[in-house]
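Worksheet: one structure, shown below.
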């Protein structure tokens, strides 16, 4: 009888020690309160780890309770580090804050050439290069250094009606796209760049492909194709004022701001460009607006871009009065 009682006591004490050496808890989303699965819970000092289940619950078993540094980590959430002694409290519930990672916007890969993968000659102009060389001129004037490209302006300068040719083909034979969406006029296949003044200020990447393009690009890509990528994601909150002044009363002024509100991002720009022009009767008075909104969800990215412009240009080919 005494042996039976002793065995029962030993079992009770042993089970109590095992239970005391376990740390359990539930991990939930701070905003929604929903459980989070696949959260890595680990203690580096003793090489111990666990993963939360579909209900957000986890279990860590210790050999000997002590003050440990416990790390909770999952993609899309902020990493959390907690110092805790399971001997004092065997249940530890955790709430994690979302930390969505901005990734590049979804692109139609058929309209973008990749180096050493696509059998076509092309030139990429990065955002840094665009901003470094952008003084308010139209997009064609930014492309004049691309091999095979010739650009000119009716006003004889950088502002106003501009035209682009590639290997002898005029811009009616150049497929122009913004984020993969054709910009060519559906009637005459022309591109009226003056309607989008200072659009380069809102681009993150420009790619020019030379030669006949895929039918996916549209019917205008006989001479080449030009694809401009914009960005509505805000890497950091910022507001900028910018201005440029030059000859013939040429100037550009504007403001742009990028703000991040949790999973929401905004990018807004306003520009005004004006010039008397190099030639007589070639003055220009232009303004443009670009707005970009995006939302980064758990499994999707929703992006909305709106851009417009207004132009008042004189006919430079008319004789002086």
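With (1) touching a residue at least 12 places away in the same chain (Cβ under 8 Å); (2) over 16 Å from the mean Cα position of the chain (by Cα); (3) assigned to a strand (DSSP E or B) as the list, and residue 293 as the residue in question, which single condition is left unmet?
Exception for residue 293: condition (2).
Quick one: which of 190, 281 is touching a helix residue (DSSP H, G or I) at 6+ places or on another chain (Cβ under 6 Å), in the same structural domain as residue 310 (by TED's automatic domain parsing), within 18 Å of residue 154 (Cα to Cα) and not in a strand (DSSP E or B)?
190
Which of the residues that make up the range 67-80 are in contact with a helix residue (DSSP H, G or I) (Cβ under 9 Å, 6 or more places away or on another chain) and either assigned to a loop (DSSP other than H, G, I, E, B) or modelled with pLDDT of 85 or more (or both)?
69, 71
Please count how many residues of the range 39-66 are part of a loop (DSSP other than H, G, I, E, B) and touching a strand residue (DSSP E or B) at 6+ places or on another chain (Cβ under 6 Å).
Here the count works out to 4.
Yes/no matrix, rows are residues, columns are (1) part of a strand (DSSP E or B); (2) free of Cβ contacts under 8 Å to residues at least 40 places away in the same chain; (3) farther than 27 Å from residue 281 by Cα; (4) in contact with a strand residue (DSSP E or B) (Cβ under 7 Å, 6 or more places away or on another chain):
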{"site": "141", "(1), (2), (3), (4)": "no, yes, no, yes"}
{"site": "150", "(1), (2), (3), (4)": "yes, yes, no, yes"}
{"site": "157", "(1), (2), (3), (4)": "no, no, no, yes"}
{"site": "176", "(1), (2), (3), (4)": "yes, no, yes, yes"}
{"site": "200", "(1), (2), (3), (4)": "no, no, no, no"}
{"site": "212", "(1), (2), (3), (4)": "no, yes, yes, no"}
{"site": "239", "(1), (2), (3), (4)": "yes, yes, yes, yes"}
{"site": "244", "(1), (2), (3), (4)": "yes, no, no, yes"}
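Listed here are the residues, each with its yes/no results for (1) buried (at least 22 other Cβ atoms within 10 Å of the Cβ); (2) not in a helix (DSSP H, G or I).
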position	(1), (2)
172	no, no
185	no, yes
208	yes, yes
221	yes, yes
226	yes, yes
229	no, yes
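The values are calculated or read from the model by the stated rules, or taken from the named source; none is laboratory data. Note that the coordinates shown come from a computational prediction; the quantities given were computed from them, not determined experimentally. Cβ atoms come from the backbone with ideal geometry, glycine included; neighbour counts cover every protein chain shown.
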